[in-house]
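Just below is one structure, and these are the notes that go with it.
The values are calculated or read from the model by the stated rules, or taken from the named source; none is laboratory data. Just so it is clear, the structure is predicted and the values come from calculations on it, not from any experiment. With ideal geometry, Cβ positions are generated from the backbone for all residues, glycine too; neighbour counts draw on all protein chains shown. Protein only, heavy atoms only, side chains kept; ligands, DNA and RNA dropped before computing areas. Shrake-Rupley method; radii C 1.70, N 1.55, O 1.52, S 1.80 Å.
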Protein chains: 2
Amino acid sequence: MARSDSGESVLERVVRILEAFTPDAPALGVGEVARRAGLPPATASRLVADLVAHGLLVRDDRRVRVGTRLWELASRASPTLSLRETAMPVLEDLHRVVGHHAQLGVLDGDEVLFVERLSADRAVINLTRIAARLPLHASSSGQVLLAFASTVLQERVLARPLGGFTRNTITDPAALRRVLAEIRERGVALCPGHIHLDATGVAVPVRRPDGQVVAAVSVVVPNDGEAARTVPALTEAARRIGSRLTH
Amino acid sequence: MARSDSGESVLERVVRILEAFTPDAPALGVGEVARRAGLPPATASRLVADLVAHGLLVRDDRRVRVGTRLWELASRASPTLSLRETAMPVLEDLHRVVGHHAQLGVLDGDEVLFVERLSADRAVINLTRIAARLPLHASSSGQVLLAFASTVLQERVLARPLGGFTRNTITDPAALRRVLAEIRERGVALCPGHIHLDATGVAVPVRRPDGQVVAAVSVVVPNDGEAARTVPALTEAARRIGSRLTH
């Protein structure tokens, strides 16, 4: 692939430009794109123009945004979207029964990536969004995915500093190790106040028919000691989603 | 941007590779990617390797798929996703009331692009999927978006051959012109059997607080003459979505 003087591929620079756009900064001036992507302004400007010409970015007044075309290319053949589509009717039922937030997360790298979230207007606080990430050790979905992940990944996570969100986040590797063993045994992760003191995350694994864990389905409910009541509905939802997965 | 001997930019080739993946062909061998993208096998192979290295494609056995990373980059800062997130609680309520399919479409190019769809397990047949497209003249969402689009776009669509899905699809430009005027007056499009003889699409415009139409919210219900009963629920849903849009 064509490389610049600095040895970077064009694709590398395109990825850095796309990474510049975040939920908090969905529209950026070209100068800001250059700064965030660490590219010379002229280079950024040329690449942005090319991305706009292909509809991957769109101009909006004097700023640029991620284009619908990029979303379409990324979504229409995406295994993520097909998991999400399979899970959606079940997730809706779960959301109706439990209220608050119902979400679906997958393991991506060393984090949980949330591919869907249904929220009620007056739901308890929840720090995740769709396409947002959380560390594996801190969230209920992450703990479920980590508990059933390879030992290589588990040891890598356990060897690193475990950052805390609240005083309830598990930051001690030995404690996390015990929690993961418990999750494997009981099939559920309960995280009262681990991400936000007012909320409890509850997650269970979604298994393909061959038994492999491919996702976590979770709810975020108030931290009032009643969260465990959601477990039967979660388990049933995970069973229904899993039974629909063919690959 | 770096160009190949044929004068194409790298980005152009990357887009053609991404376009090779569709809902019906989400996983492809590299040879098939090359064929669909119209690229020499060696070129396709090099670009696929670079896309895999960046997580935009992922290897799956001997084939490649669209990667979660591409979906994440495209989604997290996407205005499409933010419209979808805003609309979601309302769309869920609509789906609960109407059953069958509730969907949200936006104008993209000369087509309607569906950015969300909620379906019941036993819903009437529906040919759309998320991130799928339909022609503007043939679908209820498309007719709504066309009715409130620029006259330039309207004239362009009216000047072209209007393809038929069923014997009910409007393929006569003069008839379509009358239908668009009616939609502007009544604020609703009703398409009994236009896409599939057993289904009726009903769509209404979603307006931003400044009055601009930015999306269509629609339902797909049986073609049994009862479809117009869904109009009040649709109108209320569109009003609620519109009132939440800030830009």
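Structural remarks
- Residue match in segment A:189-200 (condition: out of contact with any helix residue (DSSP H, G or I) (no Cβ under 7 Å at 6 or more places or on another chain), free of Cβ contacts under 8 Å to residues at least 40 places away in the same chain and farther than 27 Å from A:ARG96 by Cα): no
- 1 or more residues open to solvent by 90 Å² or more (accessible area, probe 1.4 Å): qualifying strands (runs of 3 or more DSSP E) within segment B:152-247: B:199-207
- Matching residues in segment B:35-64 - criterion: being among the acidic types (Asp, Glu) and within 21 Å of A:LEU56 (Cα to Cα): B:ASP50
- Strands (runs of 3 or more DSSP E) wholly inside segment A:32-149 containing at least 1 residues that are under 18 Å from B:ARG84 (Cβ atoms) and at pLDDT below 95: A:57-60, A:63-66, A:101-108, A:111-119
- Verdict on A:GLU32 being open to solvent by 10 Å² or more (accessible area, probe 1.4 Å) and more than 7 Å from chain B (Cβ to nearest Cβ): yes
Yes or no, residue by residue, for (1) more than 30 Å from B:ARG244 (Cβ to Cβ); (2) facing chain A (nearest Cβ under 7 Å); (3) of a type in the set (A, V, I, L, M, F, W, C); (4) open to solvent by 10 Å² or more (accessible area, probe 1.4 Å):
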residue: B:ALA44; (1), (2), (3), (4): yes, no, yes, no
residue: B:ALA49; (1), (2), (3), (4): yes, no, yes, yes
residue: B:GLY55; (1), (2), (3), (4): yes, no, no, yes
residue: B:GLY67; (1), (2), (3), (4): yes, no, no, no
residue: B:ALA87; (1), (2), (3), (4): no, no, yes, no
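- Top-ranked residue in segment B:69-80 [being facing chain A (nearest Cβ under 7 Å) and open to solvent by 30 Å² or more (accessible area, probe 1.4 Å); ranked as nearest to the chain's Cα centre (by Cα)]: B:PRO79
- Within segment B:91-119, the set of residues being within 21 Å of A:ARG117 (Cβ to Cβ), touching a residue at least 24 places away in the same chain (Cβ under 8 Å) and out of contact with any strand residue (DSSP E or B) (no Cβ under 8 Å at 6 or more places or on another chain) comprises B:ASP93 only.
- Only one entry in A:GLY109, A:GLY99, A:GLY38 is open to solvent by 40 Å² or more (accessible area, probe 1.4 Å), at positive phi, more than 7 Å from chain B (Cβ to nearest Cβ) and within 24 Å of the chain's Cα centre (by Cα), namely A:GLY109.
- Pick from segment A:12-25, criterion modelled with pLDDT of 90 or more and open to solvent by 40 Å² or more (accessible area, probe 1.4 Å), ranking: nearest to B:GLY55 (Cα to Cα): A:GLU12
- Qualifying residue in segment A:59-81 (condition: hydroxyl-bearing (Ser, Thr, Tyr) and over 24 Å from B:GLU12 (Cα atoms)): yes
- Residue in segment B:1-11 that is modelled with the highest pLDDT, counting only those that are more than 7 Å from chain A (Cβ to nearest Cβ) and on the phi < 0 side of the Ramachandran plot: B:GLU8
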